[in-house]
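Everything below concerns the one structure shown next.
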Amino acid sequence: MARKGENIFKRKDGRWEGRYIKDRRNGKAVYGYVFGKSYMEAKTKKAEAMSRLSEKQASASVPAVQPTMEEVSIAWLNDLIPVRKAATIVKYQNQLNSHIIPILGFRKIGNISNDEVILFINGLRKKGLSPKTVGDIHSRLKSIRKYAIIHGYDVGYLPECVSVPQEKNEIRVLSITEEKALLAYLNEHPDLTSLGILICLFTGLRIGELCALSWNEVSLSEQELSVKRTMQRLKNLDKNAEKKTYICIDEPKSKCSIRTVPIPDNIMDQLRQAYVADAYVLTGHEKKFVEPRTMENRFKTILKKCQIEDANFHALRHSYATRCIEAGVDIKALSEMLGHANVNITLNRYVHPSMSFKHENVKKLSGLFAVK
């Protein structure tokens, strides 16, 4: 019989057997066994076996040499390459090479203190980096720390030792007057560049989504277009490559961005006239495309000709969202058409009603109450 709670049994052959858990696989215990001529011998052997097992596990989980921040960050990034988009990897590598590694890279990750992290973050602010960029780099420190801990390394800092408040940037929305001036120019100059601007002004597509859009993704019969790809110019990570950058056409940045957007009636005639099967919408050719930087420059040239205050191409998306809100479009439907993960993003980031719209709503309040 077993000694209570010790997992030591006397076998039928007269020997004593000690049992202990040496591993777990798929949630089930894997046992190790020792044997002795007496209870005390089996107990001693079991204790020795468990001690050796503990030493082995400890040596396996704690590396003998603590790595530097550079070594951990590079390992972290390499593990992300198979599961993240190329644009994300390029962004992370730039943040590592430009900011994190030059300042903290030589330090053992277990020796980096909270004070050093605070000085590092404050130094980024003094360089004039935007709060968004500083916040992104701060997030990389969090991810690298988590990666190091998972791999058994000691980490000397807590990213939470410093906060990175974000500023709410003003979003450029075209006024009604500016939109009318822009539409007048586009109607007077009906080329493919004008068509692209019209599409974004009335569907809210991002510039990369427009540049990657082909006629195969536009259904004239259903009066809708499908956003399945986006285009970006990325830095070439291969130092031996002939060109420093390349054009990448990939799925949008998130699953929510893969969507179907209805096309309003007022641009359907222009779409029908420009349709070329299998071609890019902005070129009318299967293999030739217009990259985002070129489209941005063309847009700014058109704004100057229209004597409209400077704006980037993304202002078309902001304007689309704002006009939809002003027209009473359902917020949830708008959020899905923009490809947002949730309604709050739509409300907080992109929808900025004009002052005239605010005045109209305040007038509704005045109609409810009369002051005598």
Completion exercise
Residue count, the stretch 90-124, condition open to solvent by less than 10 Å² (accessible area, probe 1.4 Å), out of contact with any strand residue (DSSP E or B) (no Cβ under 7 Å at 6 or more places or on another chain) and touching a residue at least 40 places away in the same chain (Cβ under 8 Å), comes to 5
Completion exercise
The helices (runs of 4 or more DSSP H) lying wholly within the stretch 67-114 that contain at least 1 residues that are touching a Cys at 6+ places or on another chain (Cβ under 6 Å) are 86-95
Exercise for the section: Look through Cys248, Cys306, Cys324 and report the one residue that is touching a strand residue (DSSP E or B) at 6+ places or on another chain (Cβ under 9 Å) and open to solvent by less than 40 Å² (accessible area, probe 1.4 Å). Expected result: Cys248
Practice task
Could you tell me which of the residues Phe289, Phe313, Phe299 is within 26 Å of the chain's Cα centre (by Cα), open to solvent by less than 20 Å² (accessible area, probe 1.4 Å) and among the aromatic types (Phe, Trp, Tyr)?
Solution key: Phe313
Practice task
Inspect the stretch 1-17 for any residue being in a strand (DSSP E or B), at pLDDT below 80, surrounded by 14 or more Cβ atoms within 10 Å (Cβ to Cβ) and not β-branched (Val, Ile, Thr) and give the result as yes or no.
Solution key: yes
Exercise for the section: Test Glu160 against the criterion of being in a helix (DSSP H, G or I), charged (D, E, K, R) and at pLDDT below 95, and give yes or no. Expected result: yes
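So that you can scan it fast, the table gives a plain yes or no per residue for (1) under 17 Å from Ile74 (Cα atoms); (2) in a loop (DSSP other than H, G, I, E, B):
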site: Ile144; (1), (2): yes, no
site: Ala148; (1), (2): yes, no
site: Tyr153; (1), (2): yes, yes
site: Gly156; (1), (2): no, yes
Practice task
Determine if the stretch 42-62 includes at least one residue that is part of a loop (DSSP other than H, G, I, E, B) and in contact with a strand residue (DSSP E or B) (Cβ under 6 Å, 6 or more places away or on another chain).
Solution key: no
Practice task
Please state which one of Val164, Val173, Val218, Val155 is within 20 Å of the chain's Cα centre (by Cα) and open to solvent by less than 70 Å² (accessible area, probe 1.4 Å).
Solution key: Val164
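The values are calculated or read from the model by the stated rules, or taken from the named source; none is laboratory data. What you are looking at is a predicted structure, and each value in this text was computed from that prediction instead of being measured. A quick note on method: Cβ atoms are made from the backbone with ideal geometry, for glycine too, and the neighbour counts reach across all protein chains shown. Ligands, DNA and RNA are excluded from the accessible area calculation, which covers all protein heavy atoms including side chains. Shrake-Rupley method; radii C 1.70, N 1.55, O 1.52, S 1.80 Å.
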